Amino acid sequence: MFAFASLVTVGSFYPPVSLNLATLIASLIGCIVGTLVPDMDQASNRLWDLFPGGDYTGRFLKKLFLGHRSLSHSLLGIYLFYVFLNFILPKIFNSDFIDYRILLFSIMTGFISHLVADGFTTEGLPLLFPLKTKFGCPPVSALRIKTGTWMEKFIIFPGIILYLFLFAFYRQSQIILLLRSVSPHSL
């Protein structure tokens with residue numbers, strides 16, 4: 001939910017020059033995938049379920065991430081993931097149908113929004129990995145949110161939904177312009 005709110009917010013303030021329907025759909029899916037990628041360091045991540053033998057592959061490849069909330073939750077991880085996507089996306093997607101730069105932006109928005117949200121949790125983030133120091137907001141971990149608690153379910157999630165409604169209300173003219181600019185001709 002936080003990743004979608006981030007994508008809507010950033011896309012509203014920095015709308016793409018041109019956007020077709022295929023790119024829009026790929027970008028929405030990309031944002032969801034991007035938000036799940038940092039937790040691929042756990043064999044139980046939902047993305048592993050998309051691959052044949054994903055549970056086994058996840059258990060094996062999670063060692064590449066060097067443990068939960070390590071490389072994939074750091075500035076180095078952000079950079080490496082960006083370089084990887086910037087290399088692979090133009091090779092996978094036909095630029096006549098999907099603008100890989102918009103897709104890259106959407107995936108990275110999902111990825112980074114995941115890290116921002118994790119920064120508000122008690123565990124914090126090892127942004128300077130391989131250094132063990134963890135950062136979070138607020139700096140005192142006792143004041144941060146514990147994942148899966150009532151605070152997350154009954155205050156954070158409803159707060160994000162309320163934010164999306166208020167944002168859509170106050171930015172509706174920009175959102176309508178963006179949606180009107182979407183060209184269905186690419187499908």
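The values are calculated or read from the model by the stated rules, or taken from the named source; none is laboratory data. Treat the numbers as computed from the prediction; the structure is a model and nothing was measured. Don't worry about glycine lacking a Cβ; one is built from the backbone with ideal geometry, like all the others, and counts go over all protein chains shown.
The set of residues in region 103-114 that are modelled with pLDDT of 95 or more and of a type outside the set (S, T, N, Q) comprises Leu103, Leu104, Phe105, Ile107, Met108, Gly110, Phe111, Ile112.
Matching residues to (1) in contact with a helix residue (DSSP H, G or I) (Cβ under 6 Å, 6 or more places away or on another chain); (2) of a type in the set (Val, Ile, Thr); (3) over 30 Å from Leu24 (Cα atoms):
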site	(1), (2), (3)
Val116	no, yes, no
Thr122	yes, yes, yes
Leu127	yes, no, yes
Phe135	no, no, yes
Val140	no, yes, yes
Glu152	no, no, no
Phe165	no, no, no
Leu178	no, no, no
Val182	yes, yes, no
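Going by the conditions given, is Ile145 more than 22 Å from Val33 (Cβ to Cβ) and touching a helix residue (DSSP H, G or I) at 6+ places or on another chain (Cβ under 6 Å)? It is true that Ile145 is more than 22 Å from Val33 (Cβ to Cβ) and touching a helix residue (DSSP H, G or I) at 6+ places or on another chain (Cβ under 6 Å). If you filter region 113-148 down to residues that are free of Cβ contacts under 8 Å to residues at least 40 places away in the same chain and outside any loop (DSSP other than H, G, I, E, B), you find that the one that is surrounded by the most Cβ atoms within 10 Å (Cβ to Cβ) is Thr121. Of the residues making up region 92-107, not a single one is within 19 Å of the chain's Cα centre (by Cα) and on the phi > 0 side of the Ramachandran plot. If only residues of region 149-187 that are at pLDDT below 85 and of a type in the set (Val, Ile, Thr) are counted, the one that is surrounded by the fewest Cβ atoms within 10 Å (Cβ to Cβ) is Ile176. Of the residues Asp39, Asp49, only one is among the acidic types (Asp, Glu) and either more than 23 Å from Val116 (Cβ to Cβ) or at pLDDT below 70 (or both); which? Asp49 is the lone residue from the list that is among the acidic types (Asp, Glu) and either more than 23 Å from Val116 (Cβ to Cβ) or at pLDDT below 70 (or both).
For Ile107, the test of being touching a strand residue (DSSP E or B) at 6+ places or on another chain (Cβ under 7 Å), buried (at least 17 other Cβ atoms within 10 Å of the Cβ), aliphatic (A, V, I, L, M) and closer than 18 Å to Phe4 by Cβ is failed.
Under the condition of being in a helix (DSSP H, G or I) and either touching a Phe, Trp or Tyr at 6+ places or on another chain (Cβ under 6 Å) or more than 14 Å from Ala3 (Cα to Cα) (or both), the residues counted in region 149-159 number 7.
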